[in-house]
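Single-structure report; data block below.
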Amino acid sequence: VEGDEFLAIVEYNDVQEIQNKMISINKTLKKGVSIEGTIHGLSCKSGISIYDEHGSDFESLFKKSIIALEDVRVSAHSNLLMYDDTKDEYYSRRSRIELLLNSAFDKNEFRTVYQPIVNIKDNQIRGFESLSRWTSEELGIVSPGEFVPILEQTKKISRLDEYVLNNALVTNKFLCDEYGTRYIASINISVETLMKENFTTMIDDALEKFNYDPTLLELEITESSIIKDFEAVTKKMDYLKSKGVKFSEDDFGDGFSSLTYLTRLNIDTLKISRNFLLSILNNVKNRVLVQTIITLSKRLGFYTIVEGVEDQETYELFKDYGCDYVQGYLFYRPMEEQKLLELVKNKTSKKE
Ligand code: C2E
Ligand code: MG
Ligand code: MG
């Protein structure tokens, strides 16, 4: 089909036969190929659609096998998946979103909102995380949880990341100049964006364009996909770090090989995932886990931020554990730029 994608059309009497066929192909691939005396094992993932059940023309069958393939690709456990027609509605919304995202940039439908991150000791603002919001003309508000993965899958996320970067730098620069603040602007950078050839140029250009202090920029690496080329990524990070840019690992505890990332990537800050918080108050094991993560983070020389703190009790707990910063509804929700400006204005004028 393209690159390493192949299409097989298989005659069958019952569905099991197709699955068996794919299993046998996989077995053969596993034996590997010998290149210059070294055996390289291969594996494959397959998405399957069935004639008549999922469509009766090539176009729709092909499209549905690709959808199943996309699903199986992100699955850690299976390498074979049948198109699931109970998810028809979900799929059609997804493809609608995919289509609408194409024009969302030109229509100016994205906004950037800001959520302050505070010091756990004195509740002073350390900086803010910049988050995207999308209001589609047709669908209304669509959450980042829904559109970010689609932008990632369709390789369009870097455009959004760059847009947010520019907005955040303008906003923070304004605050610096107007109120003399030294907040750190945190930006989410998808692995997709990080891997792009022009990634460092994109950051360099923005820093230069706004005459922005690099030490007030922190890039949050989200583990939404596996980093395939550590060497290339490390090189880019080292370059930016030499200029003073900071890096954090986002959502620690979710996703892929977090512990590997911790030691292999040269990060400054660890952000503990909100998922840990959901059961922390009544689960002793989770509390031990979080306490250990904070200790580990400290010993590796990182700052620790806990995300998604909504109540006083959890806040106190993290304070006791020696966590450095908090981000969560307990202090601030993500806010429009105008609200952030007002907040900072009030805070700084009170001091005077
Ligand atoms: P994230 O980077 O982990 O951002 C934190 C998320 O937690 C945000 O969700 C924020 O609104 C939410 N949050 C913060 N405090 C609380 C709390 O106390 N309670 C609850 N329930 N939630 C809280 P949001 O804005 O929906 O974003 C979701 C994810 O989408 C982000 O997770 C980030 O991974 C991704 N994302 C958002 N904007 C961008 C972007 O411009 N580029 C990229 N690459 N990813 C983005
Ligand atoms: Mg983040
Ligand atoms: Mg996070």
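The values are calculated or read from the model by the stated rules, or taken from the named source; none is laboratory data. Computed from a prediction, not measured in an experiment: that's the story for all the values here. Heads up, the Cβs are rebuilt from the backbone with ideal geometry, glycines too, and the neighbour counts pull from every protein chain shown. For the accessible areas, the whole protein counts, side chains as well, though only heavy atoms, and no ligand, DNA or RNA atoms are used. Shrake-Rupley method; radii C 1.70, N 1.55, O 1.52, S 1.80 Å.
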Placing +1 on each Lys and Arg Cβ and -1 on each Asp and Glu Cβ in the chain, then taking the dipole about the Cα centre, the residue among F210, V245, Y12 whose Cα reaches farthest towards the positive end is V245
Given 0.36 nm per residue, what is the gain on full extension from S56 to I39 after removing their alpha carbon distance, in nm?
2.0 nm
Put a dot 7 Å past each Cα toward the Cβ at L281 and S242; how far apart are the dots in nm?
4.9 nm
Residue by residue, what Karplus-based ³J(HN,Hα) values in Hz, rounded to whole numbers, does the stretch 303-317 have, using 6.51, -1.76 and 1.60 with θ = phi - 60° and x for Gly and Pro?
7, 10, 10, 9, 9, x, 7, 10, 9, 4, 4, 5, 4, 4, 4
Amide H of I117: which non-local residues (sequence gap of 5 or more, or other chain) have their own amide H closer than 5 Å, using H built in the peptide plane?
R126, G127, F128, E129
One checks the Cα atoms of the stretch 140-204 and finds Rg and Dmax, in Å, of 13.9, 40
Which entries of K271/K345; K45/K156; K196/K339; K196/K271 have Cα-Cα distances beyond 30 Å here?
K196/K339
L300 paired with L7, simple spin-label distance in nm, labels 7 Å along Cα-to-beta-carbon
4.4 nm
Three-way shape label, the stretch 122-240, alpha-carbon gyration tensor, a/c 1.5:
oblate
Ignoring ligands, DNA and RNA, what percent of the 1.4 Å accessible area of the chain is carbon and sulfur?
50 percent
Phi angles of the stretch 25-38, converted by Karplus (6.51 cos²θ - 1.76 cosθ + 1.60, θ = phi - 60°) into ³J(HN,Hα) in whole Hz with x for Gly and Pro, give 4, 4, 4, 4, 4, 4, 4, x, 10, 9, 10, 6, x, 9
Efficiency of FRET between E316 and R182 - r from beta-carbon atoms, R0 41 angstrom, step 0.05:
0.90
For V15 and R333 in one chain, what is 0.36 nm times their gap in residues minus the Cα-Cα distance, to one decimal in nm?
109.5 nm
Based only on Cα atoms, what Rg/Rh ratio does the chain have, Rh being taken as Kirkwood's radius?
1.02
Provide Rg and Dmax in Å for the stretch 241-297, with only Cα atoms included in the calculation.
12.8, 44
One would report the Cα pair-distance distribution of the stretch 44-97, bin width 10 Å, in %, as 27, 54, 19, 0
So what's the gap between the Cα centers of the stretch 278-334 and the stretch 99-167, to the nearest angstrom?
24 Å
Asserting the computed 222 nm helical MRE of the chain (DSSP H runs at least 4 long, -39500 (n - 2.57) per run, divided by residue count, to nearest 500) equals -14500 deg cm²/dmol
Averaged per residue, what accessible area in Å² does the stretch 128-264 show with a 1.4 Å probe, protein chains only?
45 Å²
What figure, in Å² to the nearest 10, do you get for the accessible area of E310 with a 1.4 Å probe and non-protein molecules left out?
110 Å²
Under the rule a/c < 1.5 gives rounded, and otherwise a/b versus b/c splits prolate from oblate, where does the stretch 242-352 land using the Cα gyration tensor?
oblate
So which residue, out of E98, E197, E307, gets the largest mean-square fluctuation from a GNM of the chain using Cα contacts under 10 Å as springs?
E197
Helix 88-104 sits at what angle to the longest principal axis of the chain, using alpha carbons and giving 0 to 90 degrees rounded to 10?
50 degrees
Leaving ligands, DNA and RNA out of it, work out the accessible area of V74 with a 1.4 Å probe and give it in Å² to the nearest 10.
100 Å²
If amide H atoms are built 1.01 Å from N in the plane of the peptide, which residues on other chains or at least 5 residues away come under 5 Å of the amide H of S136?
I141, V142
Rule-of-thumb check for the stretch 8-101: C-alpha Rg over 2.2 N^0.38 Å?
1.27
Using a Gaussian network model on the chain with a 10 Å cutoff between Cα atoms, which of L207, L101, L289 fluctuates the most?
L289
What does the accessible area per residue of the stretch 6-86 come to in Å², with a 1.4 Å probe and no ligands, DNA or RNA counted?
72 Å²
Reciprocal of mean inverse Cα separation for the stretch 232-273 (Kirkwood radius, Å)
10.8 Å
Working from Cα positions, state the angle (0 to 90°, nearest 10) between the long axis of helix 230-243 and the longest principal axis of the chain.
20 degrees
Find the relative contact order for the stretch 154-258 and round it to a whole percent, using C-alpha pairs within less than 8 Å whose residues are 6+ positions apart.
28 percent
With springs only between Cα atoms under 10 Å, which of Y321, Y51, Y91 fluctuates most in a Gaussian network model of the chain?
Y51
In whole Hz and in residue order, list the ³J(HN,Hα) couplings for the stretch 209-221 that follow from phi through the Karplus curve 6.51 cos²θ - 1.76 cosθ + 1.60, θ = phi - 60°; x for Gly and Pro.
4, 9, 6, 9, 5, x, 6, 9, 10, 10, 9, 8, 8
